[in-house]
Amino acid sequence: MDAAHIIDSDLYGHLWSTDEVRDLLSDRGRVAAWIEILVALAEAQAECELIPTEAAREIRTALPSDQPDVAAIAEATRRTAHSTAGLITVLSSRLSERSREWLYYGATVQDLSDTWTAILMRRFSAIALRDLRDIERLALELAEQHRETPMLGRTHGQPGAPITFGYKAVVWATELRRHIERLKELHDRIAVVQLGGAVGTGAVFAELAIDLQETFARRLGLGVPELPWLSARDRIAEFVTWLAMFTGTLAKIGREITNLQRPEIGELRQPELSSNGVGSITMPHKRNPAASEQLVTLARVARSSAGLALEGLVHEHERDGAAWKAEWLLIPESMMVAAASLSFGRQVLDGLEVRSEQMARNLDGQRGYVFSEQAVKAVGLRLGQHRARNLVGAVARTGLNDGLSFEEALVRAESDTGLTREEVVQVLAPSAAVANALAFTDRAVSLCRRAREQDPKWSV
């Protein structure tokens, strides 16, 4: 069957996911994980003496997760018009008459699907940690390499005051670091089993319900929730919102690169991701920042999924299919676009062209007016801050109208500001304007590198 969704498209799928995550979410990957869960459940139930040990042993032997018959399960699912009955029918056919009665004993669809979701979130967390750390490393290296590279700081799209490119890069790095810290904090909270039976009380397991839940979790390497979470979807909402947050940061980086690559600015350039890349079919001179733009697109999709996940918090009674089944779409989609975002984010920063000469030219092209904050500070020591701001503003406007540099305008206004020519030169010294940018960069880089030493080493 040809792909109908762009994520699965042979033409465009590479823009929307990665093979690594697509394999986790494929039918084959899904069924393999389901079998892993069902085997672990049977073995946990045998350990708790809820089902015969021989049955659990046969379930383990007869249901290898690396050989799922996806086609047969798909056909049986359509025939039964039930999301799980087809799976159980096909798997049961591989078991003896006695053992098949104990497959999926006492469990419900949501026990299986939510536990699979927990496994997905755990595995994706390891992928995200690996890739976020890599992107953070690239940002930190940019911060260190360009610690003293001066450039225009811009506010509201206009030249503001000088910064360094190292400072800009370390802002990216620290934001990525906070997403890593959020992941470390939420990881154990989200990666928990689901085993509650019909309405979440595990009544069929009687007094062994809690022991079984703990044994089941241990066999899968998942955490144990306080109680089954059939109607409590905050874990899903938190995880998907986290995906939207870090893709948003990567989108911010992509948008910044896109803007600073504009020829009239020309301070950054996205690396060429293909030697055969085409910038524009109709305008072949162009070098479009397609990967940087794609980061913005992917983040928009992730944010829409987060909104849908938050809707799931409003859950009716002990199970609400309308809310819960929406997760079947939004979780895989949000994971795939997040994986693509991580891939593009790494590609964009690895080999990013920093045009420091153009940064200097753009800064010099402001003719000193970007040092107005420093001038207000110096005049304010004599006249007071508010009077100084009004006075320096008037001097700047007059100077711009008269075609003067800021230095010339300030020197001409010496009788009003009280600044001598020598003091004006000191005011316009770039070193004073970026001194704190250097200090903040040094501290932030040090803190990030120290935090990296404490990161877990989760297996992908």
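Criterion first (over 27 Å from residue 98 (Cα atoms) and under 29 Å from the mean Cα position of the chain (by Cα)) does residue 16 satisfy it? So residue 16 passes the test.
Report yes if some residue within segment 335-356 is over 18 Å from the mean Cα position of the chain (by Cα), assigned by TED's automatic domain parsing to the domain that holds residue 153 and closer than 30 Å to residue 408 by Cα; otherwise report no. Checked segment 335-356: at least one residue is over 18 Å from the mean Cα position of the chain (by Cα), assigned by TED's automatic domain parsing to the domain that holds residue 153 and closer than 30 Å to residue 408 by Cα.
Residues checked against (1) of a type in the set (Gly, Ala, Ser); (2) under 24 Å from residue 268 (Cβ atoms); (3) in contact with a Gly (Cβ under 6 Å, 6 or more places away or on another chain):
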| position | (1), (2), (3) |
| --- | --- |
| 143 | yes, yes, yes |
| 154 | no, yes, yes |
| 201 | no, no, no |
| 210 | no, no, no |
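Tallying residues that are crowded, with 19+ Cβ neighbours inside 10 Å and without any contact (Cβ under 8 Å) to a residue 12 or more places away in the chain within segment 189-208 yields 0. If the condition is being in contact with a strand residue (DSSP E or B) (Cβ under 8 Å, 6 or more places away or on another chain) and part of a helix (DSSP H, G or I), then segment 190-204 contributes no residue at all.
Meeting the requirement of 2 or more residues that are modelled with pLDDT of 95 or more, under 30 Å from residue 178 (Cα atoms) and not assigned by TED's automatic domain parsing to the domain that holds residue 136, the helices (runs of 4 or more DSSP H) wholly within segment 382-454 are 430-452. Within segment 87-125, track down each residue that is hydroxyl-bearing (Ser, Thr, Tyr) and within 38 Å of the chain's Cα centre (by Cα). Scanning segment 87-125 gives 104, 105, 108, 113, 115, 117, 125. In the set 176, 227, 243, 250, only one residue is touching a residue at least 12 places away in the same chain (Cβ under 8 Å), surrounded by fewer than 21 Cβ atoms within 10 Å (Cβ to Cβ) and among the hydrophobic types (A, V, I, L, M, F, W, C); that residue is 227. What about residue 311, is it over 23 Å from residue 9 (Cα atoms), among the acidic types (Asp, Glu) and in contact (Cβ under 8 Å) with a residue 40 or more places away in the chain? Taking the combined requirement at face value, the residue does not satisfy it. Take residue 363 and decide whether it is in contact with a Phe, Trp or Tyr (Cβ under 9 Å, 6 or more places away or on another chain), touching a residue at least 40 places away in the same chain (Cβ under 8 Å) and of a type in the set (A, V, I, L, M). For residue 363, the condition - in contact with a Phe, Trp or Tyr (Cβ under 9 Å, 6 or more places away or on another chain), touching a residue at least 40 places away in the same chain (Cβ under 8 Å) and of a type in the set (A, V, I, L, M) - is not met.
The values are calculated or read from the model by the stated rules, or taken from the named source; none is laboratory data. All of these numbers come straight from a predicted model, not from anything done at the bench. Note that we place each Cβ from the backbone using ideal geometry, even for glycine, and neighbour counts take in every protein chain shown.
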